[in-house]
Every structure is written in C-alpha cells, then in structure tokens.
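The values are calculated or read from the model by the stated rules, or taken from the named source; none is laboratory data. Everything quoted here is computed from the prediction, not taken from an experiment. Using ideal geometry, Cβ is built from the backbone for each residue, glycine included, and neighbour counts are taken over all protein chains shown. Surface areas here come from the heavy atoms of the whole protein model, side chains and all, with no ligands, DNA or RNA. Shrake-Rupley method; radii C 1.70, N 1.55, O 1.52, S 1.80 Å.
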Amino acid sequence: MTASRATRSPVWAAGVTSVPFRNVSLPTLERTSLDRGLGFDARELGRIRAYFRRERRDPTDVELAGLAQSWSEHCSYKSSRPFLRKAFSSLRPSNRVLGTGDAGVMKFEPGYAYALRIESHNHPSAVEPYGGAATGIGGILRDVLAVGAKPIALTDPLFFGPLDLPANQLPKGTKSPRYLATGVIAGIRDYGNRVGVPTVSGGIYFDPAYVVNPLVNVGCVGFLPTARLRPNRARAVGDRLVLVGGLTGRDGIGGVAFASKELTDRSESESRGAVQLGNPIMKEPLMHACVEAFDRGLVQGLKDLGGGGIASAAGELAHAGGFGMRLDLAVVPMREEGLSPWEVWVSESQERMVLDVRPRDLATLTEIFRRYDVPVTDLGEVTAPPFETIEWNGMPAARLRLGFRVAPTPLHRPTRTRRRPSHPTPRVPSDNVAGLVNEMVLAPDSVSREPVIRLYDHEVQGRTVVKPLHGRMASPSHGDSAVIQPRPESRRGLAIATAAQPWACREEPRGGATWVVEEAARNLYAVGARPDAFTNCLNFGNPEDPEVLADFAAVTQGLADGARALGFAVPSGNVSFYNGGLGSGIPPTPVLMATGIVRDLQFASTSDLKTEGDALYLLGASWPDLGGSLWARRRSLTGLSLPRSNPTGLRRLGERLLDAMEKGTVAAAHDVSDGGLAVTLPEMAFGGRLGFDVDLALVGLDTAGTALVAEGGSRFVVEVPRSQETRFHRLLGRLPHVRIGAVTNDGGSFRWGTTSLARIDLRTLYDQWRGGLGLP
C-alpha cells in the first residue's frame, strides 16, 4: 500500500461519523471523551490515538463506542484483575469445576452439573429501583443460561439506608431508602415470579453507608446435563453469529459507563436512559427456546447481551475462540426507528443472546425460535483473526483489531493501607438481659423477612425441599439456607445460602472477608450440606482511591484464605466498583452466594426447635470480641477487634456436625451470627413454637451480656434428642461443645448458674418480630 493510499479517508456507511483523533491534543481528546460519555482517561486516550496513528486514519463513532464499552471498569475489570489473579490463582484447582465462563459450572452427580453466578445492579437501582432490580434478575438469568443451564433458583442480597431516615437528611439527588427498597423488592418479585424461577435465598441489610448508593446483588443457580454444557467462545471460521431475543432500542445505552463512575446529584437526570427495560414475558420463551436448541446440539457457543450490548457479547465470543468477526448492524431488529449504528452497537436492550451456529444448523435453529415467537436474526459470521469488521447495510462502520478492543491491558493502580482506629473491647452490661434480648431481636437487621419472602414465589418448579422460612406454618422463622432437589429421580440435594458482613470488613478487610466465608459455610452445614462452591460479588468504592483498592486487595486475600481452608471452589464472581458518591462511600462489601451438597435429602436439617425436653448444645469456641457485631453497630462503636477466625477448625466441626446429622442425633441446628445467642435462640424457638432454658455461664465468657451478644467464633446451637445425647457426645469427641440448656414448652429463660436473669415472653416477642420490618 502506498503512502497516498494509506492516508485516503475510508468511505463509511451512512450515519457513521469519523471523529477527529489522531492529530488532536490530549486535553481536547479528554473533552471529546467527556462530551460523548466515553469514560476514557488520559492514558487510554493516548493508547487509542497511537493505534489510529498507526492505522493512518481517525476512528468512527462506532469504533469509539465499542472501545468505551470494552474498556470500561464494568466490562474489563482493568483495576481488579491483578488482585483477583493473585488471590484466587493460589487456590488448588478442583476437578469439581467444569467451567468458568459467564457462570461457574460445578459437578453435581454423574452426568449432571449446576451453574452459579452472582452480580450487581447497583447504579441502575439507585436511579430507577423497580427497573434496575428487574433487569438485574434478567441479566443473572442470562448468565446461567449462557453456559447451557436452565435457571432453577434465584437469590437477592440487598443493602439500603435506614428505612426511617428523615427526608431532610437525604443528600441532594438521593431517593429515600424506603422508596428504593419498595421498588427494588417489587422489581425482583415481578420479574422472578413471571419467568417462573423461585427466589429461595437472600438478605436485607440496613446501614447509613448505603443511603446514596444502595446495593442490589442478585444470584442464580442453574442445572444441566453435563452434555449440554456450552462454552462462551466461537467454534470455527464460517460459523454464523445469530442474535436471538428481544428487540433493540435506546434503553441502556451507556450503561457500563454509568456503572463505572460514582453517583452524583445529577445521575437521575443524566443517566436514567442508561437503565435498561426488562421484559420477563420475552425472557421465558427465550429460555425455553435456548434449552431446546442446546439439547438438539444446534448451539456451539454463546454469550448473553448485558453490559456493552452486541459490541461486548459478540466481540468477546469471537475473541475467546481466537477469531475475528464480520457483522452487519442494519439487520438487527429494532424497537424504534432512527437508531444510529453506534447506538445499535452498544445498546443494552434486554432479553438478548448471541449464538454461534454452524451454517447447516441455521434453518433448524430459526424454526425453533420462531415456534416460541422469539425474534432470531443472522448477524454475520466468525472470521479469521485478527480483525472485526462491522458494517451498516453492507458499508463499513468499524474495523479494529479485535484483541485491541476487547482485551485491554490491566491497570496497576497504587494501594495504600487505611489507618484504622483500635479500641479495647467494651464490657457488655448484664443488668437488663430481657431488654438486651428485645433490642437484638427487634433490630432492623434481625426482624423477620417473611413479608418480603412471601412476595417471592419460592415454590415454583417444585424443587424447594427446605424453604427459606423454617418452622411451623403458623410460626415461620429464619433458617440458614434453602435446599432444592434439582432432579426428582435423585435424593441428592443442593443447599443455597448467602452471606455478607460489611461491618467486619470495615474493621479489618482480610479477616472480615474470611469471616464472611465462614458464615457461608456455617449456613450450609446448619442444613446438612457440605460446602461446595461460592460465587462472590465484590462491592467497593472508587478504585482510583488507593485506600479503597488496598481494602479490595485484602478482601480478595481473605476470601481465598477462607475458600482454601473450607474446601470451597470459586468458579465465578463479579466486581462492582464506584459505589458511592456525594462524599459518601460504602464499606468493603463482599457478598457470597454459596452452595453445598446434601448427600441425601432425608438428612437435611432445619432451625426450628422440635421437642420439649431435648438438650441444647453450643458447638464451637466462644470469643468476646465485638468488632462488627450487631451490638456494636447499634452503639456506633468502631475500631473493635474481630472475633478470631478459624476456618480450618470450622471445617472439622462442620464435618462432625454432618456426621451427627446423618446418624440421627441432631433435631435442629442454627448458626450463631448477627446478634449472637440473643437472636439465635429466639429464632429457633419461634419456628417450633416452643421455648428454652439456657445457662449463659456455660458459654464460657465473663459476663451474661457478652455471652448473649458476642458473635464469634464460628458456632452453632443444635437440638439433640434426649435419647441421643451420649451418642452425640461420642461423635463430637474433643471438638468444642457444651450443653447450655434444654427445650421447654414456652418462654425463654436465661440464667447465670442458679441465678435467674430473665424470662422472655416469646409469644409477644414473636408477634413484634414478625411484623417489625415495615416492608413492603
């Protein structure tokens, strides 16, 4: 090619604009990036300018839009990748892991597997809570579908500011926590119920740190025959790239850029169009059509269209296979007229997938999707590397090296360890035990979540064996995990739990993260499940802040520490940065959705007390440390030491507990977490409509108050039938366990040796607890 030909301006398709770039100063390019909402920093602008100088031309608006999606923090993980690689590459590879694409895939039993993934929809939900939460559910369903799995369960860990926050204390441009919570819960309810996938686990947490930026994390578990497992990569040159699902509109344009910056008092007006519009009525037939196409061997690889739209999904699919691609965006079926090529390229309209299909299978696949009334469009083909060629009505709109666009180099941002205060552990008063129990049980983070759980259909598909609420029909209480039966022909069960402890991570990120993994494991052990895997959603503030990034690094190490000790595989995860704004930041908030295997469903356990006269045992060592505890939070006490973590010891204790359950020596089990024994014991009594008599002196701490509210270490309260006590002792051996009391017919009695401390009217307390949430 001669120099004169190399500098000739290409002839671009109608509607495609060439953007001055290669001979423009960096300050001018920074203004261009800001004006177009691209989100590039100076270093990235320099790289792009150098690329197009080598190409001897300026980029098109289509090319810049695609680069902006792929290089965003949301899509590229450019700030987090070095830390994730360092932490989790140290885990021993597990032969239980079958795949690590859009969702992790784990062995379940011979011939079958399950998929798991959790992600966030925080920023969209802060702007439009109903739509943001609904499309979060839509996105997580597609992640699981994208590995060949049928979604069978959902989870929803949610974080809001205090519901009673006065309006005059809301920062400018911020919605009230009650409005946000009501909208988010309604969005999850309506989408999940309409697509027929049960919501079986989750959590609702309150803290002033989440007033500006609520966290809406959603998880999904799917199930599949291992023969149906599909990769998130293209198969071969010549394969067709096929778009299936909903129509394309302007909703969600710029969604990943919006998610890659902090919220401002203008986010409502400037970024509302970045929130996608969900359509669960399209999602259900899309899932059915995809599963049928998988089972008939018509799909060789696939990606879901989430952040970045066609640009991200098709580009990542082709690049992962080592190929290029050629697409014509003008054939995309559109919901509205007048979309520019760059808008079609990056629109995040929902309910869409891109499939790799062999040419000979295209007609059969098209017939399947049309039978389900799901739009299907042949976009183009997989080509030899390294270029992507994007057209509009057959004319060029973009031509880039695909690796340059979809695989940006990671950033190595600086870190700086945060200085944290340190204070001695306070002594908890014991002069009003009844008042302390009432305070802990009726705290917003403790009261019954039944009003929300009942909005979600957790029975649909008929797989839920252990429900989200444990106990009698007339007196349901909190459990630790749900258990589902993926295959009716098999007695093997899958337990699903969520875990989070941002307050512990705020005190000490690495130790707090390990504590979260321990909590996830305890939740699984308590229902008779052996911990198998977890997927994590890592919610943090601005990664450009060295202290935030140091917290992130520490949390990843803590999660890896816990996973290594407890035998968890970590096949998938998600990072959500830039949570915060308006001078407010969130604490480090790693959220886990964890799964465990119940060997036989007949051994699954629940938390509700069963029989008067049975013994109550406390398993595990008790520690007086109160860092991150509910008691400390309610007094705004920070700088306290965390309970000592011991994931290796928990694994030994948990395995022994599973053995005791399988041998019939455990009637009920509940882990000790938020609120300590002050919450654990009433919750067990609530579900069984029974009572308890407990000697707090046997807990092993110096005061009754501390024994009531301390949350560490990793402990369980278990109910042991009177006839099984000797056998139970023998099974536990030398592992820490102590008989602290017995199940009674009614009321909650606490004593210190022979001295009575309080008798709680559990019936009255239950009524207050059951109606205390104030939602929806």
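Quick one: count up the residues across region 18-54 that are surrounded by 15 or more Cβ atoms within 10 Å (Cβ to Cβ) and more than 38 Å from the chain's Cα centre (by Cα).
Total satisfying the criteria: 5.
Listed here are the residues, each with its yes/no results for (1) in contact with an Asp or Glu (Cβ under 6 Å, 6 or more places away or on another chain); (2) among the hydrophobic types (A, V, I, L, M, F, W, C); (3) free of Cβ contacts under 8 Å to residues at least 12 places away in the same chain.
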| residue | (1), (2), (3) |
| --- | --- |
| Leu732 | no, yes, no |
| Ala742 | yes, yes, no |
| Asp746 | no, no, no |
| Ser756 | no, no, yes |
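Taking the criterion of being open to solvent by 30 Å² or more (accessible area, probe 1.4 Å), closer than 29 Å to Gly132 by Cβ, at pLDDT 95 or above and among the acidic types (Asp, Glu), would at least one residue in region 311-322 satisfy it?
Yes: region 311-322 contains one or more residues that are open to solvent by 30 Å² or more (accessible area, probe 1.4 Å), closer than 29 Å to Gly132 by Cβ, at pLDDT 95 or above and among the acidic types (Asp, Glu).
Yes/no per residue for (1) in a helix (DSSP H, G or I); (2) free of Cβ contacts under 8 Å to residues at least 24 places away in the same chain; (3) β-branched (Val, Ile, Thr):
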{"position": "Leu29", "(1), (2), (3)": "yes, yes, no"}
{"position": "Leu34", "(1), (2), (3)": "yes, yes, no"}
{"position": "Phe40", "(1), (2), (3)": "no, no, no"}
{"position": "Ala50", "(1), (2), (3)": "yes, yes, no"}
{"position": "Glu63", "(1), (2), (3)": "yes, no, no"}
{"position": "Gly66", "(1), (2), (3)": "yes, no, no"}
{"position": "His74", "(1), (2), (3)": "yes, no, no"}
{"position": "Ser79", "(1), (2), (3)": "no, no, no"}
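If I filter region 183-204 down to residues being of a type outside the set (A, V, I, L, M) and farther than 24 Å from Ser477 by Cβ, which single residue comes out as most open to solvent (accessible area, probe 1.4 Å)?
Taking the candidates together, the pick is Arg194.
In this structure, is Ser576 open to solvent by 10 Å² or more (accessible area, probe 1.4 Å), under 24 Å from the mean Cα position of the chain (by Cα) and either at pLDDT 95 or above or within 26 Å of Val743 (Cβ to Cβ) (or both)?
When the stated conditions are applied, Ser576 passes them.
Between Glu459, Glu489, Glu508, which is of a type in the set (Asp, Glu), more than 30 Å from Ile597 (Cβ to Cβ) and either open to solvent by 10 Å² or more (accessible area, probe 1.4 Å) or touching a strand residue (DSSP E or B) at 6+ places or on another chain (Cβ under 8 Å) (or both)?
Glu508
Please go through (1) modelled with pLDDT of 95 or more; (2) assigned to a helix (DSSP H, G or I); (3) farther than 26 Å from His74 by Cα for Ser4 and return the number of the only condition it doesn't satisfy.
Every condition holds for Ser4 apart from (1).
Quick check: is even one residue across region 548-564 at pLDDT 95 or above, open to solvent by 10 Å² or more (accessible area, probe 1.4 Å) and among the hydroxyl-bearing types (Ser, Thr, Tyr)?
There is no residue in region 548-564 that is at pLDDT 95 or above, open to solvent by 10 Å² or more (accessible area, probe 1.4 Å) and among the hydroxyl-bearing types (Ser, Thr, Tyr).
If we keep just the residues of region 140-172 that are in contact with a Leu (Cβ under 7 Å, 6 or more places away or on another chain) and not aliphatic (A, V, I, L, M), which is farthest from Ala313 (Cα to Cα)?
Pro171
In this structure, is Gly278 outside any helix (DSSP H, G or I) and small (Gly, Ala, Ser)?
Judged against the criteria, Gly278 is a match.
Considering only region 415-430, I want to know if a residue exists there that is farther than 30 Å from Asp58 by Cβ and open to solvent by less than 30 Å² (accessible area, probe 1.4 Å).
Yes, that holds for at least one residue.
Give me the helices (runs of 4 or more DSSP H) completely within region 400-482, filtered to those with at least 1 residues that are in contact with a Phe, Trp or Tyr (Cβ under 7 Å, 6 or more places away or on another chain) and closer than 30 Å to Gly748 by Cβ, ordered by residue number.
Result: 433-441.
Where residues in region 45-97 are touching a Ser or Thr at 6+ places or on another chain (Cβ under 9 Å) and among the polar types (S, T, N, Q), which of them is farthest from Ala397 (Cα to Cα)?
Per the criteria, the residue is Ser80.
Taking the options Val679, Val743, name whichever one is assigned to a helix (DSSP H, G or I) and buried (at least 24 other Cβ atoms within 10 Å of the Cβ).
That would be Val679, the only listed residue that is assigned to a helix (DSSP H, G or I) and buried (at least 24 other Cβ atoms within 10 Å of the Cβ).
Condition first: assigned to a loop (DSSP other than H, G, I, E, B), surrounded by fewer than 22 Cβ atoms within 10 Å (Cβ to Cβ) and touching an Asp or Glu at 6+ places or on another chain (Cβ under 9 Å). Now tell me which residues in region 641-673 satisfy that.
Selection gives Ser641, Arg644, Asn646, Ala667.
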